[in-house]
1. Where does each of ARG63, ARG75 land when they are ranked from fewest to most other beta-carbon atoms within 10 angstrom?
2. Could I have the simple spin-label model distance between ILE49 and ILE70, label points 7 Å from Cα toward Cβ, reported in nm to one decimal?
3. For the chain, modelled as a GNM with alpha-carbon contacts under 10 angstrom, which of LEU15, LEU35, LEU50 fluctuates the most?
4. Ordered by residue, what ³J(HN,Hα) values in Hz, to whole numbers, does segment 67-76 give under the Karplus form 6.51 cos²θ - 1.76 cosθ + 1.60, where θ = phi - 60° and Gly and Pro are x?
5. Around LYS73, which amide H atoms from residues at least 5 apart in sequence, or from another chain, sit under 5 Å from its own amide H, with H modelled in the peptide plane?
6. The chain: Rg/Rh from Cα coordinates, Kirkwood Rh?
7. Using the number of other C-beta atoms within 10 angstrom as an exposure proxy, rank VAL48, VAL41, VAL11, VAL71 with the fewest first.
8. Name the GluC sites (Glu not before Pro) in the chain that are in a loop by DSSP and that have at most 12 other C-beta atoms within 10 Å, would you?
Amino acid sequence: LKLLAKEFQLVVVVLCQLNRASEQRTDKRPMISDLRESGAVEQDADMVILLHRPDMHDPESPRAGEADLIVDKHRGG
């Protein structure tokens with residue numbers, strides 16, 4: 001997939017599901033290791049952006065309706 005994207009100068013966006021590891025931690029912010037099949041993602045992805053909504057774990061959060069975009073990996077800098 002990555003070779004095809006390079007050859008045809010395409011952007012490929014892949015969505016991944018989180019495993020339940022983050023639910024066991026005090027800090028609920030996702031990490032790249034929380035992605036299912038994370039070994040392949042960590043190795044092959046040029047960029048990994050994680051989405052986090054604090055109000056999903058804390059209904060009383062003053063940030064209700066807001067989301068964080070966490071750049072967890074950026075191979076290009």
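No value in this document is a laboratory result; all are computed from the given coordinates. Since the model is a prediction, treat every value here as computed from it, not as a measurement. So basically every Cβ, Gly included, is an ideal-geometry build from the backbone, and we count neighbours across all protein chains shown.
1. Listing ARG63, ARG75 from fewest to most nearby Cβ atoms yields ARG75, ARG63.
2. 1.6 nm
3. With Cα springs under 10 Å in the chain, the top fluctuation among LEU15, LEU35, LEU50 is at LEU15.
4. 9, 9, 9, 9, 7, 8, 8, 8, 4, x
5. VAL48
6. 1.05
7. By the 10 Å Cβ count, ascending, the order reads VAL11, VAL71, VAL41, VAL48.
8. Hits after loop and neighbour filter: GLU37, GLU60, GLU66.
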